[in-house]
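Contents: one structure, followed by commentary.
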Amino acid sequence: GVLVGWTAAGNRPDFDIVTGVSTGALTAPFAYLGKDWDRRLTEAYTSQAADRILEKRGLDLFFTPSIFRNNALRDLVAKYVDPPLLYAVAIEHAKGRRLMIATTNLDTEEAMIWDMGAIASRGDAAALQLFRDVLVASASIPGVFPPSLIEVEGSNRRLSEMHVDGSVTTPFFVAPETLLLSILPGRDQTGPGEVSVIVNGQIDGGFGFTKGDTLSILGRSWIAMNKAQMRTHLTANAAFTRRNGGVFRYTAIPDDAKGDFSGLDFASEGRRALFTLGYDLGKSGAAWAAPGDASAGEAQAPG
C-alpha cells in the first residue's frame, strides 16, 4: 500500500537497488519494476487469491515440517511471477539496477542473498522456477510453512539446500554485516544515497495478554524477538548510511493501528485494511521516519 500511495503522491523514485526479505520478498519485484506494475501489486495483495494461503494439514501434523502446507503460497507466487515479469526484471538488470532477495540457509545457518536479476537474465524455465522458489523460501516462516529445498551445484555434485524465511537471519538487507561499521571508499564521488525501508509490521512492543498454550507462547515469543531484532537492525543500518553520507528512512505500521499484524492474517478484509492504511500514509507523505523519531507518522516522506 505504501508503494502505491507513494506513486499517487507523485514523488516515488526509481530505485537503483531493491531488496526483499520475508513477505517483503513477494513485494520486492513490483517495487523494483516501478509504478507501471502497481496494478498487479494491488491485485496480488488485495484480491481473494491469498485467502487460502494458510492451508492446514490433517492428522499428520506432528510428523511434518510445518503447521500449514505451502501449495497455495506457491500457486499465488506462480500466478503473479510469470515469464513477462521475469523478462522485465532481466531488462532492468541489464541497465545496472539490482534486485536482491534474502533467504536463510538452515544448513549453513547463514543469510543467503540472491541476485534475482542474474537469475532472470537466464530466461529459461529453470530460471523462472528458481526465481519463484527463492520468493517462496524467503516468505516461509519456520514451522508455519515448510522449508524450500533449492538445488545447487558444487564440487561436481548436486545438493538440495534447505531455505526458510530470510528474517530469521536478517530483517532487511542494506549491506553485508561486515560493512556496517565501515566507511566506504568513493562515497564523496557518488553523492548522497537514500535508503528507504518498508517494515511490514509494528516495531515497538505492545501490551497484550498471552494465552497459556504452546502455540500462543511460541508465536508471541517469535513476534517479540523479531521486533527487537528489527529495532537493532534499523539503528545499525541508519548509522551505516549516515556515516557514508546518505539519508536513512523507514516506515512501519503505526503502534496505534488495530489489527492482526503477525504476518499470518491472510483474510481479504485484513489485507485490504492494511493496504489502505499503507496507501494513505504513502500518499500523504506521513509514512517516513528515522530511527529515534517519536513515530513513523510524524515524519515526512522523501521528496
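The values are calculated or read from the model by the stated rules, or taken from the named source; none is laboratory data. The structure presented is a predicted model; accordingly, all values stated were derived computationally and were not measured. Quick reminder, even Gly has a Cβ in these numbers, built from the backbone with ideal geometry, and neighbours come from all protein chains shown.
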Is it true that some residue in the range 176-191 is buried (at least 17 other Cβ atoms within 10 Å of the Cβ) and either out of contact with any helix residue (DSSP H, G or I) (no Cβ under 8 Å at 6 or more places or on another chain) or acidic (Asp, Glu) (or both)?
no
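I'm trying to understand the selection: among the residues of the range 4-17, which are closer than 18 Å to residue 97 by Cβ and crowded, with 22+ Cβ neighbours inside 10 Å? Let's see the steps before the verdict.
Of the range 4-17, the ones closer than 18 Å to residue 97 by Cβ are 6-7, 12-17.
Across the range 4-17, the qualifying residue is only 6.
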Open item on the list: Please determine whether any residue of the range 109-127 is more than 26 Å from residue 178 (Cα to Cα), surrounded by 14 or more Cβ atoms within 10 Å (Cβ to Cβ), touching a strand residue (DSSP E or B) at 6+ places or on another chain (Cβ under 8 Å) and β-branched (Val, Ile, Thr).
Closed with: no
Residue 173 vs (1) in a loop (DSSP other than H, G, I, E, B); (2) touching a helix residue (DSSP H, G or I) at 6+ places or on another chain (Cβ under 7 Å); (3) not polar (S, T, N, Q): all pass except (2)
Of those in the range 26-47 that are in contact with an Asp or Glu (Cβ under 9 Å, 6 or more places away or on another chain) and of a type in the set (A, V, I, L, M, F, W, C), the residue surrounded by the fewest Cβ atoms within 10 Å (Cβ to Cβ) is 33
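Could you check the range 202-236 and list, in sequence order, the residues that are charged (D, E, K, R) and either not in a loop (DSSP other than H, G, I, E, B) or not assigned by TED's automatic domain parsing to the domain that holds residue 246 (or both)?
Filtering the range 202-236 for residues charged (D, E, K, R) gives 204, 211, 213, 220, 227, 231.
Scanning the range 202-236 gives 220, 227, 231.
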Going through the range 216-238 in order, the residues found to be surrounded by fewer than 13 Cβ atoms within 10 Å (Cβ to Cβ) and in contact (Cβ under 8 Å) with a residue 60 or more places away in the chain are 218
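Collect the residues in the range 187-201 that are in a loop (DSSP other than H, G, I, E, B) and modelled with pLDDT of 60 or more, keeping them in residue-number order.
192, 193, 199, 200, 201
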The residue that is modelled with the highest pLDDT, considering only those in the range 202-220 that are of a type in the set (D, E, K, R) and more than 19 Å from the chain's Cα centre (by Cα), is 211
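Within the range 111-123, is even one residue charged (D, E, K, R) and more than 22 Å from residue 32 (Cα to Cα)? Step through it out loud before you land on a result.
Taking the range 111-123 first, the residues charged (D, E, K, R) are 115, 122.
Among the residues that remain, those that are also more than 22 Å from residue 32 (Cα to Cα) are: none.
No, every residue in the range 111-123 fails to be charged (D, E, K, R) and more than 22 Å from residue 32 (Cα to Cα).
Picking from 23, 27, which residue would you name as being at pLDDT 90 or above, at negative phi and not assigned by TED's automatic domain parsing to the domain that holds residue 216?
Working: 23 fails: at pLDDT 90 or above.
Just one listed residue meets the conditions, 27.
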Residue 158 vs (1) exposed (fewer than 12 other Cβ atoms within 10 Å of the Cβ); (2) in a loop (DSSP other than H, G, I, E, B): all pass except (2)
Given (1) within 27 Å of residue 140 (Cβ to Cβ); (2) assigned to a loop (DSSP other than H, G, I, E, B); (3) at pLDDT 80 or above, residue 254 misses just (1)
